[in-house]
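Only one structure is covered here, and it is reproduced in the block below.
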Amino acid sequence: MSEGGIRSGVRGESKPPASHDHLESLGRDECIRRLEAHGVGRIGVQTHERIAIFPVNYVVDGDSVIVQVRHDGGLDSSTDGTFVAIEIDHADSLSHEGWSVLVQGRCAHVSDPVELEVLEHLPLLSWGGSDRNLYLRIAMESVSGRHIHHRVV
């Protein structure tokens, strides 16, 4: 064993302690900044005794995430008043780096006509088509994120 109790496996030489911190926690403000800069993510919900993940377009509105879905679609009956999760991420497969942001909170169907009028003017465009006529408001009760990188610290 070499000094410090670390053995590198190469001719008994010691290996210095790693100088990289690969996993960095992201603060709430940084997570929200990344959420605001994107617009496509995945929402996880409990449906009929199973967990399902759906790709969604979204927009940040204050302390909420707004998603527009189809009435009678997979996210309609499984979301009103339930706890859901939204996740976004970015990965660079060449450098083996990336980050993810997770929002968890109670989901509510928006039905108030005044609020619907406001939401219709948000920059929320659904890639899934124009039949998305139900707004979901997800409270950002828990916001967390991680960044995996290989920078020398």
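When I66, I88 are checked against the criterion of being closer than 11 Å to L136 by Cα and touching a Leu at 6+ places or on another chain (Cβ under 8 Å), a single residue qualifies: I66.
Within the stretch 40-75, can you find the residues that are touching a strand residue (DSSP E or B) at 6+ places or on another chain (Cβ under 7 Å), at pLDDT 90 or above and outside any strand (DSSP E or B)? D63 - this is the single residue of the stretch 40-75 that is touching a strand residue (DSSP E or B) at 6+ places or on another chain (Cβ under 7 Å), at pLDDT 90 or above and outside any strand (DSSP E or B).
Put simply, of S126, S95, S144, S78 the only residue that is touching a residue at least 12 places away in the same chain (Cβ under 8 Å) and part of a strand (DSSP E or B) is S144.
Select from the stretch 98-121 the residues that are charged (D, E, K, R) and part of a loop (DSSP other than H, G, I, E, B) and write down the one among them that is modelled with the lowest pLDDT.
E120
Checked against the criterion of being buried (at least 16 other Cβ atoms within 10 Å of the Cβ) and at positive phi, the candidates G81, G39 yield just one match: G39.
The values are calculated or read from the model by the stated rules, or taken from the named source; none is laboratory data. Here the structure is a predicted model, which means the values were calculated and not measured. Glycine also receives a Cβ, built like all others from the backbone with ideal geometry; neighbour counts cover every protein chain displayed.
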